[in-house]
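Remarks on the structure that follows.
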Amino acid sequence: MKGLFTLPPASIALRGALLLAAFTASQARLAAADQLRAVAGVQGDSGKQALAFLPNEVWIHRGDSITWTFPTDERHTVTFLMPGQIRPRFQNGCPGSTPDGSSYDGTACVNSGVLMDGQTYTVTFPLPGNFKLTCLVHVYMTGVVHVLDPAEPLPHDQAFYDQEADAEQSELLSDASRLAGRGEGIVRRTSDTGVAAGIAEVVATTGGGVHTSSVMRFLRDQIVVHVGDTVEWTNLAPGVNHTVTFGAEPEDPFAPKSFNVTTDADGALHAVIGSPTDDVHSGLFGPAPGERVNVAQAPPGVTRFRVTFTAPGTFHYICTLHDTQGMVGTVMVHP
Ligand SMILES: [Cu+2]
(Lines give C-alpha, C1' and ligand atoms only; values in the text may rest on other atoms or scores of the structure.)
Protein backbone atom coordinates (compact mmCIF):
# COMPACT_ATOMS: atom_id res chain seq x y z
CA MET A 1 0.00 0.00 0.00
CA LYS A 2 1.26 3.46 -0.88
CA GLY A 3 1.87 5.66 2.12
CA LEU A 4 -0.16 8.80 2.26
CA PHE A 5 2.96 10.90 2.19
CA THR A 6 4.79 8.86 -0.44
CA LEU A 7 4.75 10.98 -3.56
CA PRO A 8 6.28 10.37 -6.96
CA PRO A 9 9.45 12.38 -7.67
CA ALA A 10 7.57 14.90 -9.86
CA SER A 11 5.21 15.74 -7.02
CA ILE A 12 8.07 16.21 -4.60
CA ALA A 13 9.65 18.70 -6.98
CA LEU A 14 6.32 20.51 -7.32
CA ARG A 15 5.81 20.65 -3.58
CA GLY A 16 9.35 21.97 -3.14
CA ALA A 17 8.67 24.71 -5.65
CA LEU A 18 5.44 25.64 -3.88
CA LEU A 19 7.16 25.74 -0.48
CA LEU A 20 9.93 27.91 -1.89
CA ALA A 21 7.38 30.28 -3.42
CA ALA A 22 5.48 30.51 -0.13
CA PHE A 23 8.70 31.15 1.77
CA THR A 24 9.77 33.87 -0.64
CA ALA A 25 6.34 35.54 -0.41
CA SER A 26 6.46 35.51 3.37
CA GLN A 27 9.99 36.95 3.35
CA ALA A 28 8.80 39.70 1.02
CA ARG A 29 5.88 40.43 3.34
CA LEU A 30 8.23 40.68 6.31
CA ALA A 31 10.61 42.92 4.46
CA ALA A 32 8.07 45.40 3.11
CA ALA A 33 6.92 47.85 5.76
CA ASP A 34 3.15 48.07 6.04
CA GLN A 35 1.14 51.22 6.53
CA LEU A 36 -1.96 50.93 8.66
CA ARG A 37 -4.81 53.44 8.40
CA ALA A 38 -6.73 54.76 11.42
CA VAL A 39 -8.80 57.79 12.36
CA ALA A 40 -8.54 60.29 15.20
CA GLY A 41 -12.12 61.26 16.02
CA VAL A 42 -15.42 60.75 14.23
CA GLN A 43 -18.57 62.83 14.25
CA GLY A 44 -22.28 62.59 13.51
CA ASP A 45 -23.34 66.16 13.06
CA SER A 46 -20.64 68.36 14.49
CA GLY A 47 -22.45 68.52 17.84
CA LYS A 48 -22.05 64.76 18.34
CA GLN A 49 -18.42 63.77 18.59
CA ALA A 50 -16.69 60.48 19.33
CA LEU A 51 -13.38 61.50 20.89
CA ALA A 52 -11.75 58.24 19.89
CA PHE A 53 -8.89 56.62 18.06
CA LEU A 54 -10.45 54.00 15.80
CA PRO A 55 -9.01 51.44 16.06
CA ASN A 56 -7.38 52.18 19.41
CA GLU A 57 -5.47 48.93 19.85
CA VAL A 58 -3.35 47.73 16.95
CA TRP A 59 -0.57 45.25 16.36
CA ILE A 60 2.08 46.07 13.76
CA HIS A 61 5.62 45.01 12.91
CA ARG A 62 8.77 46.94 13.61
CA GLY A 63 9.32 49.30 10.69
CA ASP A 64 5.59 49.65 9.93
CA SER A 65 3.81 52.97 10.12
CA ILE A 66 0.33 54.18 10.97
CA THR A 67 -1.43 57.07 9.24
CA TRP A 68 -4.18 58.79 11.18
CA THR A 69 -6.82 60.91 9.45
CA PHE A 70 -8.49 63.70 11.45
CA PRO A 71 -11.94 63.93 9.84
CA THR A 72 -13.83 66.07 12.39
CA ASP A 73 -14.60 69.69 13.24
CA GLU A 74 -13.31 68.88 16.73
CA ARG A 75 -9.58 69.27 17.27
CA HIS A 76 -7.38 66.31 18.17
CA THR A 77 -3.72 65.37 18.41
CA VAL A 78 -1.90 62.06 17.91
CA THR A 79 0.66 62.09 20.67
CA PHE A 80 3.14 59.55 22.01
CA LEU A 81 4.70 60.91 25.20
CA MET A 82 7.81 59.41 26.73
CA PRO A 83 7.06 56.79 29.40
CA GLY A 84 6.39 58.64 32.67
CA GLN A 85 6.30 62.06 31.04
CA ILE A 86 3.99 64.59 32.74
CA ARG A 87 1.07 65.25 30.43
CA PRO A 88 1.45 68.77 28.97
CA ARG A 89 -1.29 71.18 27.85
CA PHE A 90 -2.03 70.70 24.17
CA GLN A 91 -1.00 74.30 23.52
CA ASN A 92 2.51 73.42 24.71
CA GLY A 93 2.83 70.14 22.81
CA CYS A 94 5.40 67.69 24.07
CA PRO A 95 6.99 70.35 23.71
CA GLY A 96 5.90 71.60 20.29
CA SER A 97 4.97 69.23 17.51
CA THR A 98 7.07 66.85 15.41
CA PRO A 99 7.00 66.58 11.60
CA ASP A 100 4.61 64.33 9.72
CA GLY A 101 6.35 60.96 9.28
CA SER A 102 8.21 61.10 12.60
CA SER A 103 9.49 57.90 14.21
CA TYR A 104 8.60 56.88 17.74
CA ASP A 105 10.59 54.38 19.81
CA GLY A 106 9.87 55.65 23.34
CA THR A 107 12.99 57.79 23.71
CA ALA A 108 11.52 61.12 22.51
CA CYS A 109 7.93 62.25 22.31
CA VAL A 110 6.07 62.51 19.03
CA ASN A 111 3.16 64.94 18.62
CA SER A 112 1.11 65.78 15.54
CA GLY A 113 -0.04 69.08 17.00
CA VAL A 114 -3.71 69.97 16.70
CA LEU A 115 -5.20 68.67 13.44
CA MET A 116 -8.74 68.58 12.02
CA ASP A 117 -10.92 68.73 8.89
CA GLY A 118 -9.30 65.86 6.95
CA GLN A 119 -5.63 66.45 7.79
CA THR A 120 -3.41 63.37 8.23
CA TYR A 121 -0.36 62.42 10.30
CA THR A 122 1.92 59.39 9.99
CA VAL A 123 4.16 57.82 12.62
CA THR A 124 6.72 55.07 11.96
CA PHE A 125 7.73 52.58 14.65
CA PRO A 126 11.31 51.32 14.20
CA LEU A 127 11.57 49.28 17.44
CA PRO A 128 9.39 46.67 19.17
CA GLY A 129 7.46 47.83 22.24
CA ASN A 130 4.01 48.60 23.60
CA PHE A 131 3.32 52.29 23.23
CA LYS A 132 0.49 54.42 24.59
CA LEU A 133 -1.21 56.91 22.33
CA THR A 134 -3.19 59.91 23.54
CA CYS A 135 -4.87 63.07 22.30
CA LEU A 136 -3.50 66.07 24.20
CA VAL A 137 -6.85 67.88 23.86
CA HIS A 138 -8.93 65.06 25.38
CA VAL A 139 -7.76 63.16 28.46
CA TYR A 140 -10.20 60.30 27.86
CA MET A 141 -9.02 59.50 24.34
CA THR A 142 -6.25 56.91 24.40
CA GLY A 143 -4.95 53.87 22.59
CA VAL A 144 -2.07 51.41 22.42
CA VAL A 145 0.21 50.40 19.56
CA HIS A 146 1.86 47.00 19.94
CA VAL A 147 5.01 46.90 17.81
CA LEU A 148 6.20 43.33 17.31
CA ASP A 149 9.30 41.75 15.88
CA PRO A 150 8.64 40.70 12.26
CA ALA A 151 8.94 37.02 13.29
CA GLU A 152 5.74 37.40 15.36
CA PRO A 153 2.41 36.93 13.56
CA LEU A 154 -0.04 39.84 13.53
CA PRO A 155 -3.52 38.97 14.86
CA HIS A 156 -5.46 41.32 12.57
CA ASP A 157 -5.30 43.02 9.20
CA GLN A 158 -6.53 46.35 7.86
CA ALA A 159 -9.92 44.86 6.89
CA PHE A 160 -10.50 43.77 10.50
CA TYR A 161 -9.56 47.20 11.86
CA ASP A 162 -11.81 48.93 9.32
CA GLN A 163 -14.74 46.75 10.36
CA GLU A 164 -14.01 47.29 14.04
CA ALA A 165 -13.77 51.05 13.54
CA ASP A 166 -17.08 51.14 11.63
CA ALA A 167 -18.88 49.25 14.38
CA GLU A 168 -17.40 51.39 17.14
CA GLN A 169 -18.18 54.60 15.28
CA SER A 170 -21.87 53.61 15.09
CA GLU A 171 -21.97 52.66 18.75
CA LEU A 172 -20.20 55.79 19.99
CA LEU A 173 -22.35 58.14 17.91
CA SER A 174 -25.58 56.42 18.94
CA ASP A 175 -24.37 56.79 22.55
CA ALA A 176 -24.04 60.52 21.90
CA SER A 177 -27.62 60.72 20.59
CA ARG A 178 -28.91 58.97 23.70
CA LEU A 179 -26.80 61.23 25.95
CA ALA A 180 -28.34 64.41 24.54
CA GLY A 181 -31.77 63.33 25.79
CA ARG A 182 -30.33 62.18 29.08
CA GLY A 183 -28.59 65.51 29.73
CA GLU A 184 -31.78 67.42 29.11
CA GLY A 185 -33.59 65.09 31.53
CA ILE A 186 -30.94 65.53 34.22
CA VAL A 187 -31.06 69.32 34.24
CA ARG A 188 -34.88 69.43 34.08
CA ARG A 189 -35.32 67.21 37.10
CA THR A 190 -32.56 69.02 39.04
CA SER A 191 -33.73 72.59 38.63
CA ASP A 192 -36.23 74.84 36.82
CA THR A 193 -33.32 77.02 35.74
CA GLY A 194 -30.60 74.45 35.09
CA VAL A 195 -28.78 74.06 31.77
CA ALA A 196 -26.26 71.36 30.86
CA ALA A 197 -23.12 72.68 29.21
CA GLY A 198 -22.47 69.48 27.27
CA ILE A 199 -22.63 65.87 28.35
CA ALA A 200 -20.28 62.96 27.65
CA GLU A 201 -19.63 59.36 28.54
CA VAL A 202 -16.31 57.52 28.74
CA VAL A 203 -16.24 53.96 27.47
CA ALA A 204 -13.70 51.26 26.61
CA THR A 205 -14.43 49.01 23.63
CA THR A 206 -11.01 47.34 23.57
CA GLY A 207 -8.37 46.81 26.23
CA GLY A 208 -6.28 49.45 24.49
CA GLY A 209 -7.80 52.55 26.02
CA VAL A 210 -10.83 54.75 26.36
CA HIS A 211 -13.12 56.73 24.07
CA THR A 212 -15.47 59.60 24.91
CA SER A 213 -18.91 60.06 23.36
CA SER A 214 -19.52 63.77 23.63
CA VAL A 215 -22.42 66.10 22.92
CA MET A 216 -21.13 69.59 22.15
CA ARG A 217 -24.41 71.33 22.90
CA PHE A 218 -26.12 73.32 25.60
CA LEU A 219 -28.99 71.06 26.62
CA ARG A 220 -32.05 73.18 27.25
CA ASP A 221 -30.32 75.72 25.03
CA GLN A 222 -33.36 78.04 25.05
CA ILE A 223 -34.51 78.82 28.56
CA VAL A 224 -37.10 81.33 29.80
CA VAL A 225 -36.72 82.89 33.24
CA HIS A 226 -37.81 86.05 35.03
CA VAL A 227 -35.90 89.10 36.24
CA GLY A 228 -34.10 88.20 39.43
CA ASP A 229 -33.76 84.50 38.54
CA THR A 230 -30.44 82.72 38.49
CA VAL A 231 -29.60 80.25 35.72
CA GLU A 232 -27.11 77.54 36.61
CA TRP A 233 -24.92 75.67 34.12
CA THR A 234 -23.28 72.33 34.87
CA ASN A 235 -20.92 70.53 32.54
CA LEU A 236 -21.78 66.81 32.45
CA ALA A 237 -18.87 65.86 30.19
CA PRO A 238 -15.93 64.12 31.92
CA GLY A 239 -12.66 65.38 30.48
CA VAL A 240 -14.32 67.82 28.05
CA ASN A 241 -14.13 71.50 28.96
CA HIS A 242 -16.73 74.04 27.92
CA THR A 243 -17.36 77.71 28.62
CA VAL A 244 -20.43 79.90 29.07
CA THR A 245 -19.61 83.25 27.50
CA PHE A 246 -21.84 86.32 27.13
CA GLY A 247 -20.71 89.30 25.05
CA ALA A 248 -17.09 89.67 24.00
CA GLU A 249 -15.05 86.48 23.59
CA PRO A 250 -11.67 86.24 25.27
CA GLU A 251 -8.79 86.60 22.81
CA ASP A 252 -7.63 83.05 23.51
CA PRO A 253 -10.70 80.78 23.52
CA PHE A 254 -8.68 78.18 25.42
CA ALA A 255 -7.67 80.59 28.19
CA PRO A 256 -9.01 79.02 31.35
CA LYS A 257 -9.54 82.41 33.02
CA SER A 258 -13.00 83.80 33.73
CA PHE A 259 -13.96 87.46 33.78
CA ASN A 260 -16.65 89.58 35.49
CA VAL A 261 -17.50 86.81 37.94
CA THR A 262 -17.38 86.30 41.68
CA THR A 263 -17.03 83.04 43.60
CA ASP A 264 -19.92 81.66 45.65
CA ALA A 265 -19.37 79.88 48.97
CA ASP A 266 -19.61 76.49 47.24
CA GLY A 267 -16.89 77.39 44.74
CA ALA A 268 -19.30 78.09 41.88
CA LEU A 269 -18.56 81.12 39.73
CA HIS A 270 -21.35 83.69 39.66
CA ALA A 271 -22.04 86.67 37.41
CA VAL A 272 -24.73 89.33 37.36
CA ILE A 273 -25.98 90.42 33.95
CA GLY A 274 -28.21 93.46 33.37
CA SER A 275 -27.68 94.10 29.67
CA PRO A 276 -27.18 92.01 26.53
CA THR A 277 -23.95 93.97 26.02
CA ASP A 278 -22.42 92.78 29.31
CA ASP A 279 -19.26 90.68 28.89
CA VAL A 280 -19.13 87.60 31.13
CA HIS A 281 -16.93 84.52 30.70
CA SER A 282 -17.03 81.40 32.87
CA GLY A 283 -13.56 80.25 31.84
CA LEU A 284 -13.10 76.54 31.10
CA PHE A 285 -15.06 74.35 33.45
CA GLY A 286 -16.05 70.72 33.74
CA PRO A 287 -17.09 68.12 36.26
CA ALA A 288 -14.64 67.52 39.12
CA PRO A 289 -11.97 65.20 37.69
CA GLY A 290 -11.60 61.48 38.38
CA GLU A 291 -8.76 60.04 40.42
CA ARG A 292 -5.46 58.41 39.51
CA VAL A 293 -3.28 56.40 41.87
CA ASN A 294 0.16 57.81 42.79
CA VAL A 295 -0.55 61.18 41.23
CA ALA A 296 -1.19 64.34 43.25
CA GLN A 297 -4.95 64.72 43.68
CA ALA A 298 -6.47 67.35 41.43
CA PRO A 299 -8.78 69.85 43.20
CA PRO A 300 -12.52 69.76 42.43
CA GLY A 301 -12.32 73.02 40.52
CA VAL A 302 -15.39 75.01 39.49
CA THR A 303 -18.34 72.61 39.36
CA ARG A 304 -21.09 75.14 38.53
CA PHE A 305 -21.53 78.47 36.78
CA ARG A 306 -24.38 80.84 37.69
CA VAL A 307 -25.75 84.01 36.19
CA THR A 308 -28.38 86.21 37.84
CA PHE A 309 -30.33 88.36 35.37
CA THR A 310 -31.37 91.79 36.64
CA ALA A 311 -33.15 93.10 33.54
CA PRO A 312 -35.49 91.68 30.90
CA GLY A 313 -34.17 90.86 27.47
CA THR A 314 -32.79 88.15 25.22
CA PHE A 315 -29.29 87.10 26.17
CA HIS A 316 -27.25 85.03 23.72
CA TYR A 317 -24.22 83.10 24.85
CA ILE A 318 -21.69 80.67 23.43
CA CYS A 319 -19.07 78.09 24.38
CA THR A 320 -15.91 79.72 23.08
CA LEU A 321 -14.40 76.31 22.25
CA HIS A 322 -17.37 74.81 20.42
CA ASP A 323 -19.53 77.67 19.12
CA THR A 324 -18.46 76.92 15.56
CA GLN A 325 -19.88 73.42 16.11
CA GLY A 326 -23.21 74.95 17.14
CA MET A 327 -22.72 75.13 20.91
CA VAL A 328 -24.70 78.32 21.54
CA GLY A 329 -27.68 79.16 23.73
CA THR A 330 -30.17 81.82 24.70
CA VAL A 331 -31.65 82.98 27.98
CA MET A 332 -34.93 84.86 27.58
CA VAL A 333 -35.57 86.98 30.64
CA HIS A 334 -39.15 88.14 31.14
CA PRO A 335 -40.13 91.00 33.50
CU1 LIG B 1 -17.76 73.57 24.43
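Here is how the numbers come out for the structure above:
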item: Unmet criterion (only one of (1) without any contact (Cβ under 8 Å) to a residue 40 or more places away in the chain; (2) within 16 Å of the ligand (Cβ to nearest atom); (3) in a strand (DSSP E or B); (4) of a type in the set (Gly, Ala, Ser)) for Gly329; result: (1)
item: Qualifying positions in segment 19-70 - aliphatic (A, V, I, L, M) and at pLDDT below 95; result: Leu19, Leu20, Ala21, Ala22, Ala25, Ala28, Leu30, Ala31, Ala32, Ala33
item: Residue list for segment 174-187, filter: touching a residue at least 60 places away in the same chain (Cβ under 8 Å) and within 15 Å of the ligand (Cβ to nearest atom); result: Ala176, Ala180
item: Residue in segment 241-249 that is under 18 Å from Val328 (Cβ atoms), surrounded by fewer than 19 Cβ atoms within 10 Å (Cβ to Cβ) and among the acidic types (Asp, Glu) present; result: yes
item: Conditions (1) over 22 Å from Ala180 (Cα atoms); (2) at pLDDT 95 or above; (3) within 16 Å of the ligand (Cβ to nearest atom); (4) not acidic (Asp, Glu): number failed by Ile318; result: (1)
item: Failed criterion for Pro250 (all others in (1) closer than 27 Å to Thr72 by Cα; (2) at pLDDT 95 or above hold); result: (2)
item: Selection from segment 120-136 of residues that are buried (at least 16 other Cβ atoms within 10 Å of the Cβ) and touching a His at 6+ places or on another chain (Cβ under 6 Å); result: Cys135
item: Scope segment 235-264; condition within 15 Å of the ligand (Cβ to nearest atom) and of a type in the set (Val, Ile, Thr); matching residues; result: Val240, Thr243, Val244, Thr245
item: Filter result (among the polar types (S, T, N, Q) and in a strand (DSSP E or B)) within segment 82-97; result: none
item: Residue among Asp105, Asp100, Asp117 that alone is part of a loop (DSSP other than H, G, I, E, B) and surrounded by 15 or more Cβ atoms within 10 Å (Cβ to Cβ); result: Asp105
item: Of residues in segment 284-300 being surrounded by 15 or more Cβ atoms within 10 Å (Cβ to Cβ) and out of contact with any Phe, Trp or Tyr (no Cβ under 7 Å at 6 or more places or on another chain), the one farthest from Val210 (Cα to Cα); result: Leu284
item: Identity of the residue in segment 188-218, β-branched (Val, Ile, Thr) and touching a Leu at 6+ places or on another chain (Cβ under 6 Å), that ends up farthest from the ligand (Cβ to nearest atom); result: Thr212
item: One residue from Ile273, Ile199 being among the β-branched types (Val, Ile, Thr), at negative phi and either surrounded by fewer than 14 Cβ atoms within 10 Å (Cβ to Cβ) or not assigned by TED's automatic domain parsing to the domain that holds Gly326 (or both); result: Ile199
item: Condition met for Glu184 (outside any helix (DSSP H, G or I) and over 16 Å from the mean Cα position of the chain (by Cα)); result: no
item: Top-ranked residue of segment 281-315 - restricted to ones that are within 16 Å of the ligand (Cβ to nearest atom) and assigned to a strand (DSSP E or B), ranked as nearest to Arg220 (Cα to Cα); result: Phe305
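The values are calculated or read from the model by the stated rules, or taken from the named source; none is laboratory data. This one's a predicted model, so the numbers in the text were calculated from it and none came from an experiment. Positions of Cβ are backbone-derived with ideal geometry, glycine not excepted, and every protein chain shown enters the neighbour counts.
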